[in-house]
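S.K.: Below: one structure in structure tokens.
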Amino acid sequence: MSVSQLKRHKQCPRAWYFAKVLRLPEPTTGAQQVGTEGHAQLEHFLSTGEDVLGAFAKSGAHLLPTPGADLLVEQPLDGEPPLTAGGIPFTGFIDLVDARQLASDGVLRITDHKFTSNIARNAATREQLADADTEPGLQMLGYAAWALRQVERFPGLRELELEHLYYQTRGQRLAASVLASVPVEHVEREWRTKVEPQVEAMKEHAQAARASDVPANFGPACTKYGGCPFMAKCLTGGSKTMSLRDKLLNKSDLPAVLPPDAPEPTPVQVAPEVAEQPAPEAEQPAPKRRGRPKTTKPEQPKSDLRVLFVDCIPTKHDGPRAESLTEYVDDLHRKVAEAGGVDDVRFAGSDSPLGFGKWRGALAMAARAALPPPGNYVALGVGQSELMQVIVEALEPSFDVVVRGTR
């Protein structure tokens, strides 16, 4: 367990399950790299006094204590005695513990360095730092709970100063300190009444067989910190009154997932609005256009066109407002994954009908059998998403116009 895991689980239990139970990889962002470098600079400076601070960290130098051997820098949580909750030991590090006021005032200051693009918008409040129902408070009260267990190291401790020290990484070089003072009784109460129950819930969620059995916190959590890296894998929970395969077989808009050795049938598509009108025998299908769509198409009303913009953004002259294809891709993936009994088709094992790459054919079949309604659609980041790439390739022959962006 770690304090970061507490924060992740508080933000969204299902995202925590993907990251810490299924151990799916997460990309490293540029903002994380800036924070890593800044923390390393501050650790070296506070430990040695040598000024290696970069431009961001240097902006907060006046808010730091004087470097010295008595400061606890990058203090581990798994020492003796370790921090625990629900019988689970914690690991991790505290950026800075300053005990210089302990002997005289019984006060211990715990500081966490935060690198952020905008302090005014992103900084926590004092109230949040003292409340374990918030992400900032969950972190800082976890560090405070560790300090309470260090009776021999911090004798006479009666009050904790919980500090977020912010360094702004965009625009003007700024730094700011947000400080909350809490008595030890408050820390003990928050840990007992809020954190311990959360850890018990995490134990239960860790035993889930499928990600869809773990609750998801849809909403701001999906877009926070640049967007959840597991958004495409996140499945909604559903009724378990029938098997997943039966669910898919009972859907009129999707074919069943094929057994491993079955040939892929050619899907038959009939548009309801033209089903009773036989096509002229001499007329051949018009070739697919690659380029900006025409404003009119004599053989078909404009409202009935399906237009796909791949890795490019349509302008106001391209007709009705375009919809993102992402929701369609996520919904189709969820249905095919449920039918195959997996959380993510790309991780299907050898015992699954989707294994050994067969998920691509199943997903393409599903897309051809359940086309999006007529309209304009945008597919962005195709090269970075296998799911999007498979579905776009499956949809192209069925769309009236496909416009591809070029570099």
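S.K.: Kindly indicate which of LEU141, LEU160 is over 32 Å from the mean Cα position of the chain (by Cα) and open to solvent by less than 10 Å² (accessible area, probe 1.4 Å).
M.R.: None of the other options fit; the residue is LEU160.
S.K.: With ASP105, ASP131 as the choices, which residue is farther than 28 Å from GLY171 by Cα, open to solvent by 30 Å² or more (accessible area, probe 1.4 Å), in contact with a helix residue (DSSP H, G or I) (Cβ under 8 Å, 6 or more places away or on another chain) and at pLDDT 95 or above?
M.R.: Result of the check over ASP105, ASP131: ASP131.
S.K.: Right, another one. Based on what the data block shows, is ASP351 modelled with pLDDT under 85, open to solvent by less than 20 Å² (accessible area, probe 1.4 Å) and out of contact with any Lys or Arg (no Cβ under 6 Å at 6 or more places or on another chain)?
M.R.: Against the criterion (modelled with pLDDT under 85, open to solvent by less than 20 Å² (accessible area, probe 1.4 Å) and out of contact with any Lys or Arg (no Cβ under 6 Å at 6 or more places or on another chain)), ASP351 does not qualify.
S.K.: How about the range 203-212: which of its residues are more than 12 Å from ALA15 (Cα to Cα) and either open to solvent by less than 30 Å² (accessible area, probe 1.4 Å) or not aliphatic (A, V, I, L, M) (or both)?
M.R.: Listed by number, the residues that qualify are LYS203, GLU204, GLN207, ALA208, ARG210.
S.K.: Residue under question is LEU332, and the condition is that it be assigned to a loop (DSSP other than H, G, I, E, B), aliphatic (A, V, I, L, M) and open to solvent by less than 20 Å² (accessible area, probe 1.4 Å); does it hold?
M.R.: no
S.K.: Going by the structure shown, is HIS9 in a helix (DSSP H, G or I), open to solvent by 70 Å² or more (accessible area, probe 1.4 Å) and either over 27 Å from ALA132 (Cβ atoms) or not charged (D, E, K, R) (or both)?
M.R.: So HIS9 fails the test.
S.K.: Of the residues that make up the range 79-102, is at least one free of Cβ contacts under 8 Å to residues at least 60 places away in the same chain, part of a helix (DSSP H, G or I) and either touching a Gly at 6+ places or on another chain (Cβ under 9 Å) or within 23 Å of GLN198 (Cβ to Cβ) (or both)?
M.R.: Within the range 79-102 (the criterion being free of Cβ contacts under 8 Å to residues at least 60 places away in the same chain, part of a helix (DSSP H, G or I) and either touching a Gly at 6+ places or on another chain (Cβ under 9 Å) or within 23 Å of GLN198 (Cβ to Cβ) (or both)), the answer is yes, since at least one residue qualifies.
S.K.: Tell me which residues, restricted to the range 175-193, are under 28 Å from the mean Cα position of the chain (by Cα) and farther than 18 Å from GLN139 by Cβ.
M.R.: Listed by number, the list holds a single entry, ALA175.
The values are calculated or read from the model by the stated rules, or taken from the named source; none is laboratory data. Only a predicted model underlies this, so the values are computations on that prediction, with no experimental measurement involved. FYI the Cβ positions are ideal-geometry reconstructions off the backbone, even for glycines, and counts take in every protein chain you see. These area figures cover heavy atoms from the full protein model, side chains too; ligands, DNA and RNA do not enter into them. Shrake-Rupley method; radii C 1.70, N 1.55, O 1.52, S 1.80 Å.
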